[in-house]
Amino acid sequence: MDKSLRRLCGVGLVALLLSACAGQSPITGKPAGGVDPAELLNQAQRQSGADAARTRLRAADILARQGETAQALQVTRSLDAAQLPAPARRDWALLQSRLGITQEDGRSVLRATEVLDSDIPLSRDQALTLRYRRGQAQGMVGEPRAAVETLIALQRDEAPFSLNDDIWRQLTRLRGAALQDLTPRDSLTRGWVDLLTLQRRNSGDIARLFARIDQWRSRYPNHPAARRLPGDLQALRDLQGRDVRHVAVFLPESGPLAGVAKAIRQGIETRHMKALDQGEQTPQLHFYDTSRGDLQTLYAQAALAGAQVVLGPLDKDKVSQLEQGGAVPLPTLALNYGVADANQADDLFEYGLSAEDEARQAAHRASLDGHRVAGMLVPDNDWGGRVGSAFRDAWQQEGGRVAAEVRYDPQGSVSQAVQKLLATRNQHPQRHLDALFLLALPPYARQVPPMLEFYYSADLPIYATSHLYEGRPQPRQDHDLNGVQFVEIPWQIPEAAVGGADALPYHASYQALHDGSDPALFKLEAMGVDAFELARRLPLLQAAPGVEVFGATGMLSAAPDGRIHRELPWAMFVDGVPQPPLAVLDPKDAGNLSLGTDDATTSPPDGEPSPDTAPADHAAP
């Protein structure tokens, strides 16, 4: 469930919203008793029209109250709501929208809230609930401007619950033309836009930011945010005087990681310069060569020079060394993850482009989609072992079962790997799977869907990491990946992630760095941009660990142990081009559009990304 919705449920501001979170009242008005929803679904098969729709709705209601939310949502989505009489269609809308929020299925919520535009009678509380869920769903499907408009309209109508954090969360995702299109037609909207503008212009200087906020309050004394600032801004108030003004950057200038370090440094310096160009208060940067000194000496030099925060090191062994200590000499954002199960060192944060994060996100998404029996195709090397373990552990925690795990030879036969996965006999699969986790580089990944089709498993949903995408649209090469869902950093898939490059975080830095020459290096440069922003926000991450940063490499937040978690946007190949997955109702139809351009690129060899490290313009905190 969305964090903001959980907060609403927790504070008990509106009884209706509380009951919507805890479980809606039975549609039938009676306890489920011993009624088996499977029997009702079988009964619906023998019925037609309104009778079948009502029976399926009753089954979905029982499933939902039994905690089978994924199956309940599948039932509500499958029934013909147009056949329902008005009261039952209202109940369907409330049920499906609640289930859709829980399952993070924004499209299902939006479909349910279409009753708001009909003549079906709704109580005020029911209408407010559905409007709130519509706003949440618009944010889920990548329509933050529509979400802001919906939520502000709800606030304008004096909804009896706080919407400040929900509005702020969506508002901070607007940039460029998307923000300009949110024309401030009234004082409420204009106040929100002005608050965001001053926050972005003064985010590097907290004292100046709150001086500007006081001036803003004098212009909008009755604005809801003047009475209670969004939580992210409130967290900043306690950090006045703790602005990061000096950052020491620990990166190697020689050795095997020098190329990676150079790309990350390019991102750091580019974002630093663009922030200066935009008049922001930015920290001084001082670079230290980790290939020429031990960490203890470098920390001493940095502290003597007045550094408040350290950015780095990059080497996994050095990060692991820091993890083993009780604390670091200076607050540190390492550019990799250590080998321990958890980071135990005080004031140590860790950030990188972790494939394990992507695998865990794939497990969560597949579970939300209602799948329970998964297969895995991962390369037979250390990288495949680590990422495969991350998926397996997360999948089992979600209640799923791994029925087959194939460790394939990246240079070997795709056909043999798929046969083993499906346990084929005479070309027909003998093993039932309802989802496939795929970890593969493009040359191998492109062969998997055709091979599944050859073995009569074309409908098997595939969830993949970013590694199967080379970083630029290539519809002819990627056509066979149609319908495959994968995660990727926003900067690599701007159309799928945020609806276009203009809406990307740190757009000026994106323009400066995006030359199309090497997508792999571009991803590392994006990491450098986010590393700079995270480093100057370390006091905020320490004071408010739950805060999110919308970055070039994903939505970033700190776990309790200081490791930065990345939530990446999902994309689906449609006619060989990444598109928002929820825009395609059926993955099998993903080849029906003609989009994009075709380019060539290269991939690292042997089924493993290179290097094996961290892989390691304004943005609201």
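Looking across Ala275, Ala302, Ala263, Ala258, one residue alone is open to solvent by less than 60 Å² (accessible area, probe 1.4 Å), among the small types (Gly, Ala, Ser) and within 15 Å of Ala334 (Cβ to Cβ). It is Ala302. Residue count for the stretch 528-546 satisfying the condition of being farther than 19 Å from Ile493 by Cβ, open to solvent by less than 10 Å² (accessible area, probe 1.4 Å) and in contact with a strand residue (DSSP E or B) (Cβ under 7 Å, 6 or more places away or on another chain): 6. Are there strands (runs of 3 or more DSSP E) fully within the stretch 306-402 with at least 3 residues that are at positive phi and among the aromatic types (Phe, Trp, Tyr)? List them. Of the strands (runs of 3 or more DSSP E) lying wholly inside the stretch 306-402, none has at least 3 residues that are at positive phi and among the aromatic types (Phe, Trp, Tyr).
Which residues, taken from the stretch 278-299, are touching a Phe, Trp or Tyr at 6+ places or on another chain (Cβ under 7 Å) and either assigned to a strand (DSSP E or B) or open to solvent by 50 Å² or more (accessible area, probe 1.4 Å) (or both)? Tyr288, the sole residue that qualifies. Filtered by the rule that a residue be open to solvent by 40 Å² or more (accessible area, probe 1.4 Å), farther than 19 Å from Leu568 by Cα and part of a helix (DSSP H, G or I), the stretch 498-527 gives Gln511, Ala512. Candidates in the stretch 549-576 are the residues that are part of a loop (DSSP other than H, G, I, E, B) and among the acidic types (Asp, Glu); of these, the one that is modelled with the highest pLDDT is Asp575. Of the residues Leu95, Leu116, the single one that is at pLDDT 95 or above, open to solvent by less than 20 Å² (accessible area, probe 1.4 Å) and part of a helix (DSSP H, G or I) is Leu95.
One residue stands out in the stretch 406-422 among those that are of a type in the set (Gly, Ala, Ser) and over 18 Å from Ile462 (Cβ atoms): the one that is least open to solvent (accessible area, probe 1.4 Å), namely Gly412. Taking the criterion of being modelled with pLDDT under 95 and of a type in the set (D, E, K, R), the residues of the stretch 477-502 that qualify are Glu495, Asp502.
Restricting attention to the stretch 136-191 and to residues that are open to solvent by less than 20 Å² (accessible area, probe 1.4 Å) and of a type in the set (D, E, K, R), the residue that is modelled with the lowest pLDDT turns out to be Arg175.
Going by the conditions given, is Leu481 out of contact with any Asp or Glu (no Cβ under 8 Å at 6 or more places or on another chain), farther than 30 Å from Leu171 by Cβ and surrounded by 20 or more Cβ atoms within 10 Å (Cβ to Cβ)? Spelling it out, Leu481 is indeed out of contact with any Asp or Glu (no Cβ under 8 Å at 6 or more places or on another chain), farther than 30 Å from Leu171 by Cβ and surrounded by 20 or more Cβ atoms within 10 Å (Cβ to Cβ). In the set (1) at pLDDT below 95; (2) surrounded by 16 or more Cβ atoms within 10 Å (Cβ to Cβ), Asn336 fails one condition alone, (1). Inspect the stretch 205-215 for any residue being open to solvent by 40 Å² or more (accessible area, probe 1.4 Å) and outside any helix (DSSP H, G or I) and give the result as yes or no. No. For the stretch 253-274, the criterion of being under 27 Å from the mean Cα position of the chain (by Cα), aliphatic (A, V, I, L, M) and part of a loop (DSSP other than H, G, I, E, B) is satisfied by no residue at all.
So that you can scan it fast, the table gives a plain yes or no per residue for (1) farther than 23 Å from His428 by Cβ; (2) assigned to a loop (DSSP other than H, G, I, E, B):
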{"position": "Pro443", "(1), (2)": "yes, no"}
{"position": "Leu452", "(1), (2)": "no, no"}
{"position": "Ala458", "(1), (2)": "no, yes"}
{"position": "Gly471", "(1), (2)": "yes, yes"}
{"position": "Phe486", "(1), (2)": "yes, no"}
{"position": "Ala496", "(1), (2)": "yes, no"}
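In the stretch 141-163, the residues that are outside any loop (DSSP other than H, G, I, E, B) form Cβ pairs under 7 Å with partners that are of a type in the set (Lys, Arg) and at pLDDT 95 or above, at six or more places apart or across chains, as follows: Thr150/Arg131; Thr150/Arg134; Leu154/Arg131.
For the stretch 445-476, a residue qualifies if it is crowded, with 20+ Cβ neighbours inside 10 Å and of a type in the set (Gly, Ala, Ser), and the qualifying residues are Ala445, Ser457, Ala464, Ser466, Gly471.
The values are calculated or read from the model by the stated rules, or taken from the named source; none is laboratory data. What you are looking at is a predicted structure, and each value in this text was computed from that prediction instead of being measured. No Cβ is skipped: glycine too gets one built from the backbone with ideal geometry, and neighbour counts run over all protein chains shown. Accessible surface is based on the protein model in full, side chains and every heavy atom, while ligands, DNA and RNA are left aside. Shrake-Rupley method; radii C 1.70, N 1.55, O 1.52, S 1.80 Å.
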